[in-house]
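Notes follow the structure.
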Amino acid sequence: MAPPIPTLPPSTNDPHSYAGSSPVRVRHLILDLQVDFDKRRLAGSATWELANPEAADEVVLDTRELTIEAVDRLDAAGNATPAKFSLAAPDATLGQALRITLAPATTALRIRYRTAPTAAALQWLHPAQTAGTEPFLFTQSQAILARTWLPCQDSPGIRFTYEARVQVPNHLLALMSAENPQQRNLTGEYVFRMSQPVPAYLMALAVGNLEFAPLSNRTGIYAEPATLAAATYEFADLEAMVAAAEQLYGPYRWERYDLLVLPPSFPFGGMENPRLTFVTPTILAGDRSLTSLVAHELAHSWSGNLVTNGTWNDFWLNEGFTVYFERRIMEHLYGRQYADMLQVLGREALHHTIAEIGPASPDTHLRLALAGRDPDEGLTEIAYEKGCALLLTLEALIGRPRLDTFIKEYFARFSFQAMDTATFLSYLRTELLNKEPGLEDRLRLHDWVDGPGLPTNAPAVSSTRFEAVAQILTRLAGRHSPADWHADTSGWSSHEWVYFLNGLPPTLSAGQLRELDQAFAFTTSGNAEILAAWFPHTLRAGYDEAVPALENFLHHVGRRKFLVPLYRALLATPDGPAQARKIYAEARANYHSVATGTLDALIV
Ligand code: BES
Ligand code: ZN
C-alpha cells in the first residue's frame, strides 16, 4: 500500500489573503446585487454561511475599496442581529481585513455593502466601447481582485458554493460563472446557482446586450449581437474540444461549457471562469486559427478549477498543466504538426521571458516567493511554459501512457481541492518517481521547481511546418524581394505568420517592410496576433504607413499581452515617448485596471 498523500487543509497560509488569521471558513454565498451603470457601482448584500468547527469568535474577510454599510449575524433560525465589525488600515495591494465578531449561535453573516467606482475588478464600458449601443460591465477577479467587488475569503485555497440574484437595467442580460440564463427577461432580474465549490478568484459577472447561440447540447456562445455570428463560426469545434479533453483526462465536471466573447478592452486573452470562459474578441481571426486559447481556458476546467493552486506561489500548477493539456487537446483535434507549432512558439516566448527577467532570478523558479508583492508580478510565462516544459520532460522520461494515467488520477484524486507545490511533489514522488530508481535524478526535479532558468534536460521542440517558414526567412536574408521567393504561403496559419514575423531580422529598412506589406498586407490584417508581431518592426524601421493602424489598435484593444510590448516598442523610437504619452492619454479610458496598472508604470 502506498503511504497516504497529505491533503491540504482548506486554510492555507496564503500571503495574499487576510482570511487565514481566523480558522473560520466560508462555505456558501448568497449574493444580492443591484448593478448601477450611472453610478458605476454594485450595491447590495453578501450573505456568507460559515464553518466554525473551533467555535472561534471572529471571522476575517478580504475587502478592497468596499464600503461596508452594515453587518448582521444570522443564527440557524434566521434571526438577524447587528454584528460588531472593523476594517483594518488599507494595504494598496491586499486591501483591508474585515473582522467580524461572531456569537456562539452565529451560522451566517449578512454584509450590506457597495463597490467603489474605481473597483479594480470591474470595467464599466460606455456603448462606444462595445460592438453595439448599450453599456457593458465585466469583472476580472484573478488573482486577488474579487475582494474589490465582494467581501470574501479571497484565497485560492478556500472554496464555496454560491447563489446570486442580480438586478440589471431591464434591456440587458446578466451572466455569472454559474448556471446561466440563455435569454433576456423583461424585469432585468436574474438568478444564478453554482453548486460546485469554487475559490473567489473564479467569481465572475458580466452585464450587457448579450445573446446566446448554442453549439451543442452542453456548449454555446454568448456575445453582443454584432459579434455572435462570427463567434459561432470561429468556435464551431467547441464540443469536439470538450470531448477531446474528457477523453484525455476524465469527465468534465461543470455540466455546461459556454464562452462569453467580451468587448476588445478585456485585459486578457481568456479567463477560465467556471462554466463560462471569458474571451477576448481578438481571437476572432475569421479562420479559426487562434482557438488554442479556448483549448487553454477549457483545460483549466481540470487544472485550476478542479485542482486549484493553493496560493499564487503555486501558480505553475494551474498554468503549466493547462498549457500542456491545451496542446494535447489541439494535437488530438488537429494533429501533431499543429501542436508542435504551439510548442515552438511557447518555447521561444519562454527564452524571451527568461532573458527579460534575468536567467538567475528567483522569479524564474516554478515555485515562487510572492509574499509582500502584488501576485500579478509573478504571473509570467515561467509558470506557463517552464511548467509545460517540465511535463514534457517527464513525458520523455516515462512515456505518454504513464504520464496520462498519472495526470488523470491526479485530477480525480484532488478534485475540488487546493494543491500546493510541496504536496504536489510528494504526490509525484509517491505515484511515479519513487517507483523507479534514478528517475528523480534524471528528471532533475529540484532544478525545475526551485532552480532558475530552463534546465538543460528540457526536450527540444521543433516544427516541420515552421521549417518551410525558416527557409523563406533565409531567402529573405539573401535580400531577395518577396516576388522572388516563389513561396507558397497560402496554407499558412496565424502561427506560421507569427513565426515568420518574429524571425524577421531587426535590420530591415522601411522600404523592405513596405515591400513585405505590399506582398502580404500585414498592416491591414484583421488578425491581432499578426498585427502585434508586425508593429514592432514597423516602429523600429520607421515605416510610418503603419502608424494609423497601430494607433487604431492601441485605442481599441485592451489585451495587456499586446499592449505592453507595443508601448515598449513605441517608447524605444526617437519620437516614441511623446507619441506613446499622447496615445495612452487618449486610450487609457478604454483599458481595464489590470492593464493600466502595468502601463502607468511604463509610460511616464
Ligand atoms: N487564468 C489566466 C489569466 C490570468 C492569469 C488572469 C493570472 C489573471 C491572473 C488565463 O487562463 C490565461 O492564461 N490566459 C492567457 C491565454 C493563454 C492561452 C496563455 C492570456 O490571457 O493571454
Ligand atoms: Zn491559463
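Below is a table of values for the structure above.
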quantity	calculated
Charge dipole (the chain, unit charges on Cβ, about Cα centre) - positive-most of THR291, ALA120, LEU563	ALA120
Global form of the range 383-526, assessed from the alpha-carbon gyration tensor, a/c cut-off 1.5	prolate
Within straight-line cross-link reach of LYS561, lysines at Cα separation under 26 Å, skipping those fewer than 8 residues along the same chain	LYS386, LYS582
Most to least packed among 439-445, 358-364 [average Cβ atoms within 10 Å]	439-445, 358-364
The chain, relative contact order in percent, only Cα pairs under 8 angstrom and at least six apart counted	12
Cα radius of gyration and Dmax for the chain (Å)	24.5, 83
Cα radius of gyration and Dmax for the range 464-602 (Å)	15.8, 47
Loop-resident sites, the range 9-70, for trypsin sites (Lys or Arg not before Pro), counting at most 10 other Cβ within 10 Å (DSSP)	none
Zero-based 5 Å bins, Cα pair distances in the range 27-69, whole percents	5, 15, 21, 24, 16, 9, 5, 3, 1
Between helix 593-602 and the chain: long-axis angle, C-alpha atoms, 0 to 90°, nearest 10	50
Total formal charge among the other residues, if their Cβ is under 14 angstrom from that of ALA116, Lys/Arg +1 and Asp/Glu -1	+3
Charge-dipole axis of the range 307-450 as Lys and Arg at +1 and Asp and Glu at -1 on Cβ define it, positive-most pick from HIS352, TYR427, TRP316	TYR427
Net charge over other residues, Cβ less than 13 angstrom from the Cβ of ARG218 (K, R count +1; D, E count -1)	-2
Ranked packing of 143-153, 502-512, 462-472, most packed first, by mean Cβ within 10 Å	143-153, 462-472, 502-512
The range 25-127, relative contact order in percent, only Cα pairs under 8 angstrom and at least six apart counted	34
The chain - charge dipole about Cα centre, Lys and Arg +1 at Cβ, Asp and Glu -1, debye rounded to 20	520
Calculated [θ] (222 nm, deg cm²/dmol) that DSSP helices of n ≥ 4 give over the chain, each run adding -39,500 (n - 2.57)	-11000 deg cm²/dmol
Three-way shape label, the range 307-450, alpha-carbon gyration tensor, a/c 1.5	rounded
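Read-outs: derived from the displayed coordinates by stated rules, not from any lab. Just so we're clear, the structure is a prediction, and the values are computed from it rather than from any experiment. Please note: Cβ atoms are built from the backbone with ideal geometry, for glycine as well, and neighbour counts cover all protein chains shown.
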